[in-house]
Amino acid sequence: PAGLHADCDDETCAGDVESAWAGASVAHIEHNLRGGQLLFAGRDGPGFEAFLRGLSEDALADEMAAALDEAIEASAAFDGELSASIDADPEDARGLHAALKRFTDLLRDDMVTALGLSVPAEAGGDND
């Protein structure tokens, strides 16, 4: 969704950003992260953070909460639309991508392992 991925043969793939036609890529990324924050922290009950802490995975819970906060901050501070930024100043887009990747790597790898979960085969190659 960020237009920066291994499947792109070019340096950048601005046409591959999520919601490119609507010009709402960054807003959607931020909203998805805020929704993920509710799931992680818990809203009306325990979230994944509580499950990690219940398994004495406090360091991972702290690292994930910090990475999620940083990704939200990076998306909220991002100036302009993602597809335009990828073409005009790819370093800005790479900064946002790095913040997102830090959290999603922890989510997909460390949290899944700590909670004894498995990623379904159909999601194994999903890059978002």
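List of remarks:
- Within segment 98-114, the set of residues being farther than 18 Å from residue 74 by Cβ and out of contact with any Ser or Thr (no Cβ under 9 Å at 6 or more places or on another chain) comprises 108, 109, 110, 111, 113, 114.
- Pairing each residue of segment 63-78 that is touching a residue at least 12 places away in the same chain (Cβ under 8 Å) with any residue that is of a type in the set (Lys, Arg) and part of a helix (DSSP H, G or I), provided the two are 6+ apart or on different chains, yields C-beta distances under 6 Å for 67/102.
- All of 38, 33 fail the test of being open to solvent by 40 Å² or more (accessible area, probe 1.4 Å), at pLDDT 75 or above and not polar (S, T, N, Q), apart from 38.
- Looking at segment 45-92, the helices (runs of 4 or more DSSP H) lying wholly inside it that each contain 3 or more residues that are of a type in the set (A, V, I, L, M) and open to solvent by less than 30 Å² (accessible area, probe 1.4 Å) sit at 58-77.
The values are calculated or read from the model by the stated rules, or taken from the named source; none is laboratory data. Quick caveat, the model's predicted, so the values are computed rather than measured. Please note: Cβ atoms are built from the backbone with ideal geometry, for glycine as well, and neighbour counts cover all protein chains shown. SASA here: full protein model, heavy atoms, side chains in, ligands and nucleic acids out. Shrake-Rupley method; radii C 1.70, N 1.55, O 1.52, S 1.80 Å.
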